[in-house]
Amino acid sequence: MIKSIVVAASENNAIGKNNQLLWHLPNDLKFLKNKTWGLPVLMGRKSFESLGNKPLKGRINIVISSSKFFKADGIVVVNSFRDADFFSKSNDYNEMMILGGAHVYEQIMNDCENIYLTRVHHVFEDADTFFPNLDEKKWKQVWNEDHTADEKHAYDYSFQHWVRK
């Protein structure tokens, strides 16, 4: 099964503060939707909670939690990456999209083949959550599309696709 990370991270790899995103980029939300539509999406419990405890529509939402008591409507709760992998394979999916957060990214990074990264061209000094550094000895950027800030997007940003070497 192909495992792909989808993440938006700033120049200093910041991805959030107080369990919330640091920016609002409507085109990034469209990018996320287009990359993940119809596929299983795996996220940690805190990431799911940051969505208002509502599953993303049009996707099977898999939430990994160490709590055996965590439940929510419209999601599949698993206790391990192995269980998420088993669920996705058992339902004939050939790709699982990993949506975070930081702890999930750290644990699964070595098992992923793709990273779809929205690079936000700004440094957020007050962030408290970060994406792991991309080791360019292990990852190769194969696509980049730059966008400039406008009335709906406060920061310049780039859509990028990285593949494991």
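The values are calculated or read from the model by the stated rules, or taken from the named source; none is laboratory data. The structure displayed is predicted, hence computed values, not measured ones. Every residue, glycine as well, gets a Cβ built from its backbone with ideal geometry; the counts of neighbours run over all protein chains shown.
Listed by position, the strands (runs of 3 or more DSSP E) contained in the range 112-165 that have at least 1 residues being among the hydrophobic types (A, V, I, L, M, F, W, C), surrounded by fewer than 13 Cβ atoms within 10 Å (Cβ to Cβ) and free of Cβ contacts under 8 Å to residues at least 24 places away in the same chain are 139-147. The residues in the range 107-148 that are more than 23 Å from Q20 (Cα to Cα), in contact with a Lys or Arg (Cβ under 8 Å, 6 or more places away or on another chain) and among the aromatic types (F, W, Y) can be counted, and the count is 1. Within the range 57-74, the set of residues being surrounded by 10 or more Cβ atoms within 10 Å (Cβ to Cβ) and over 18 Å from I108 (Cβ atoms) comprises G58, F70, K71, A72, G74. Between I60, I2, I75, I64, the distinction of being touching a strand residue (DSSP E or B) at 6+ places or on another chain (Cβ under 7 Å), within 21 Å of W139 (Cα to Cα), at pLDDT 95 or above and among the aliphatic types (A, V, I, L, M) belongs to I2 only. Surrounded by 16 or more Cβ atoms within 10 Å (Cβ to Cβ), assigned to a strand (DSSP E or B) and of a type in the set (F, W, Y): does that describe Y105? So Y105 does not fit the description; no. Could you go through the range 142-161 and let me know if any residue there is under 20 Å from A102 (Cβ atoms) and of a type in the set (A, V, I, L, M, F, W, C). Checked the range 142-161: no residue is under 20 Å from A102 (Cβ atoms) and of a type in the set (A, V, I, L, M, F, W, C).
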